[in-house]
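The values are calculated or read from the model by the stated rules, or taken from the named source; none is laboratory data. No experiment lies behind these values; they were computed from the predicted model shown. Heads up, the Cβs are rebuilt from the backbone with ideal geometry, glycines too, and the neighbour counts pull from every protein chain shown. Side chains are part of the model used for accessible areas, which takes the heavy atoms of the whole protein and leaves out ligands, DNA and RNA. Shrake-Rupley method; radii C 1.70, N 1.55, O 1.52, S 1.80 Å.
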Amino acid sequence: MTGQIIILNGAPRSGKSNIARAIGESFDGPWMNLGVDSYEQITPPRYRPGIGLRPGGERPDLEVFVPRFYAALYESIAAHSRMGLNVVADVGHHDAYSKPLGCLVDCTRRLAGLPVLFVGVRCPIEVILQRRAASAAGKGYVTGTPGEPAPLPVRLWQDEVHRPGIYDLEVDTSLLSPTQCAEVIRVGLMQRPRPSAIERLTQAAK
């Protein structure tokens with residue numbers, strides 16, 4: 001039996017990691033937490049942020065590695081599922097590099113035939129800015145200043161991470177707690193739409 005896969009897609013500080021943690025703590029069976037944070041830990045420092053490279057085309061020297069990093073991550077997600085292990089992965093897909101890389105479509109193809117719930121994790125930019133400001137020092141989050149209350153990198157994430165915005169369901173972490181979001185996702189696993197978001201993304205790219 002294949003394991004369930006939940007992909008949480010959203011901007012940094014939108015609440016993805018907390019939802020993933022709530023899923024792991026409350027859902028039945030083992031839920032392997034694979035995503036941008038865990039993948040960063042195995043990425044050599046000189047190639048970071050790896051799949052966390054933010055929109056804007058700032059590091060074209062690193063972009064050549066991003067499709068391979070994403071492909072390897074999604075192949076690992078697929079392998080875990082085929083071994084009967086459930087997977088929750090928090091990512092921030094976008095295609096606003098110095099040139100389009102098409103990572104999202106390539107990744108969806110690697111999950112073909114597997115049970116995937118693709119979840120959009122939304123959060124208003126005002127709340128994200130508050131969370132960035134409250135983050136622990138040393139995390140490296142760009143924060144607002146009196147001269148630029150909503151810095152360009154933050155705005156780019158908000159604009160680009162939900163393109164094309166094809167999901168099985170969406171949650172808003174400014175309205176729901178991580179536990180509540182997890183419960184919405186639990187119901188989504190039982191009421192999976194057809195065709196799925198992964199199927200629609202793959203079809204739209206043909």
field: Distribution of pairwise C-alpha distances over segment 61-111, 5 Å bins, in %
entry: 4, 19, 30, 23, 13, 7, 4, 1
- request: Could you give log10 I(q)/I(0) at q = 0.12, 0.13, 0.21, 0.23 Å⁻¹ for segment 67-149, computed by the Debye formula over C-alpha point scatterers of equal weight, without solvent?
  value: -0.54, -0.62, -1.04, -1.10
query: Against the longest alpha carbon principal axis of the chain, how many degrees, from 0 to 90 and to the nearest 10, is the axis of helix 66-82 turned?
result: 30
- prompt: At a 1.4 Å probe radius, carbon and sulfur cover how many percent of the accessible area of segment 68-152?
  reply: 57
message: Let me check the size of segment 135-184 from its C-alpha atoms; what are the radius of gyration and Dmax in Å?
response: 14.4, 40
message: Just to be sure I follow: if Rg is taken over the C-alpha atoms of segment 118-206 and Rh is the Kirkwood radius over the same atoms, what is Rg/Rh?
response: 1.06
task: Select from Ser14, Ile42, Pro178 the residue farthest towards the positive end of the dipole of the chain; place +1 on Cβ of Lys and Arg, -1 on Cβ of Asp and Glu, and compute about the Cα centre.
output: Ile42
task: Have a look at Ser26, Pro115, Ile128 and report the one farthest towards the positive end of the charge dipole of the chain, computed about the Cα centre with Cβ charges (Lys/Arg +1, Asp/Glu -1).
output: Pro115
query: Per residue, how many Å² of accessible area does segment 71-206 show with a 1.4 Å probe?
result: 50
query: Using a simple charge model, +1 on the beta-carbon of Lys and Arg, -1 on the beta-carbon of Asp and Glu, nothing else, what dipole does segment 108-181 show about its Cα centre, in debye to the nearest 20?
result: 280
message: For a bin width of 5 Å, list the pair-distance distribution of the chain built from all Cα-Cα distances, rounded to whole %.
response: 1, 7, 15, 20, 22, 17, 11, 5, 1, 0, 0
